[in-house]
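Have a look at the structure below before the remarks.
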Amino acid sequence: MKIALTIAGSDSGGGAGIQADLKTFAAHGVYGASVITAVTAQNTTGVKGVMEIDPSFVALQMQAVLEDMDVAAVKIGMLSGPEIIRNVALTLQDYPHIPVVLDPVMVAKSGDHLLQPEARQALTDHLFPLALVVTPNLHEAGVITGFPVQDMETMEEAARIIKAMGTGHVLVKGGHLPGDAVDLLFDGTGFVTYSAPRLSNKNTHGTGCTFSSAIAANLARGMELKDAVQKAKEYITGAVENAFPVGKGVGPTNHFFDITRQGV
Ligand code: PXL
């Protein structure tokens with residue numbers, strides 16, 4: 001069984017963060033290891049608090065996993081602060097052969113900060129150059145580039161700018177566009193688009209986490225990036241389509257829709 005590692009925050013509500021990542025890995029038949037960067041006290045209605053893990057202890061968790069296991073892909077989510085970012089980047093530098101999917105998580109769906117605004121520069125400076133692909137949504141692409149990203153034209157422009165920051169590829173996610181959910185992958189030369197019809201299900205908590213860990217799971221299984229994104233897009237569409245209400249707010253996606261469909 002292939003091994004994937006998630007470096008991310010814990011969502012006590014179980015719908016996003018580390019919990020979403022591990023469920024996604026499991027749903028793909030990939031063994032999941034996890035390095036926790038921060039613990040959120042959170043449910044489907046919002047974030048009540050964030051406790052950062054000591055940055056040196058984040059590095060220690062990474063070393064424990066990486067020196068022991070043959071990790072085939074890494075997914076990075078919530079990083080919280082600049083010191084954690086620097087330690088994650090420093091540790092990853094010793095493993096340049098492992099593909100890294102970097103989800104530049106900034107705020108939760110509820111609007112709560114998951115990355116301190118003063119940590120944005122560290123994210124682009126230290127981690128973008130180590131990533132095979134960075135996966136911003138429209139809001140994150142706007143914050144990173146400094147202009148509103150709201151249609152295909154500005155998504156292309158943002159992809160070019162983010163690519164120039166040193167990442168291998170950029171996947172700008174258009175899930176918040178009016179109309180179809182169209183994502184745009186840029187490799188520095190050409191664009192590939194991935195489209196899915198807009199779904200009306202309101203239970204979308206953890207969509208970004210789930211999408212990026214599905215890409216990482218597919219990479220761990222040996223797929224090329226373009227195919228990994230295509231398959232992950234199909235998976236996240238199924239997970240949102242089959243989401244069911246949990247809690248009183250925005251519920252999580254259904255990571256195991258393939259299994260629940262079979263009546264398990
Ligand atoms: O989806 C972004 C995200 C990442 N990590 C954690 C989260 C969330 C969103 O709520 O809670 C821990």
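Here, each number is a calculation from the coordinates, and none is a lab measurement. Please read all numbers here as calculations on a predicted model, not as lab measurements. Glycine gets a Cβ as well: all are built from the backbone with ideal geometry, and neighbour counts include every protein chain shown.
Assorted remarks:
- Every residue from segment 123-155 that is part of a loop (DSSP other than H, G, I, E, B) and either among the polar types (S, T, N, Q) or within 21 Å of residue 86 (Cβ to Cβ) (or both): 131, 132, 135, 136, 150
- Among (1) of a type in the set (S, T, N, Q); (2) surrounded by fewer than 17 Cβ atoms within 10 Å (Cβ to Cβ); (3) out of contact with any Gly (no Cβ under 6 Å at 6 or more places or on another chain); (4) over 19 Å from residue 98 (Cβ atoms) - the single one residue 80 does not satisfy: (2)
- Criterion violated by residue 17 - all others in (1) of a type outside the set (Phe, Trp, Tyr); (2) away from the ligand (no atom under 16 Å from the Cβ); (3) within 20 Å of residue 127 (Cα to Cα) satisfied: (2)
- Residues that are of a type in the set (A, V, I, L, M, F, W, C), within 17 Å of residue 123 (Cα to Cα) and under 14 Å from the mean Cα position of the chain (by Cα) do not occur anywhere in segment 42-58.
- Output for segment 47-95, where each listed residue is in contact (Cβ under 8 Å) with a residue 24 or more places away in the chain, closer than 30 Å to residue 222 by Cβ and assigned to a loop (DSSP other than H, G, I, E, B): 69, 70, 77, 78, 79, 93, 94, 95
- Beta carbons closer than 6 Å, at least 6 apart along the sequence or on distinct chains, pair a first residue in segment 189-203 that is closer than 17 Å to residue 229 by Cα with a second that is assigned to a strand (DSSP E or B) for 191/184; 192/185; 193/182; 193/184; 194/183; 195/182; 196/181.
- Failed condition for residue 39, given (1) within 19 Å of residue 212 (Cα to Cα); (2) within 9 Å of the ligand (Cβ to nearest atom); (3) free of Cβ contacts under 8 Å to residues at least 40 places away in the same chain: (1)
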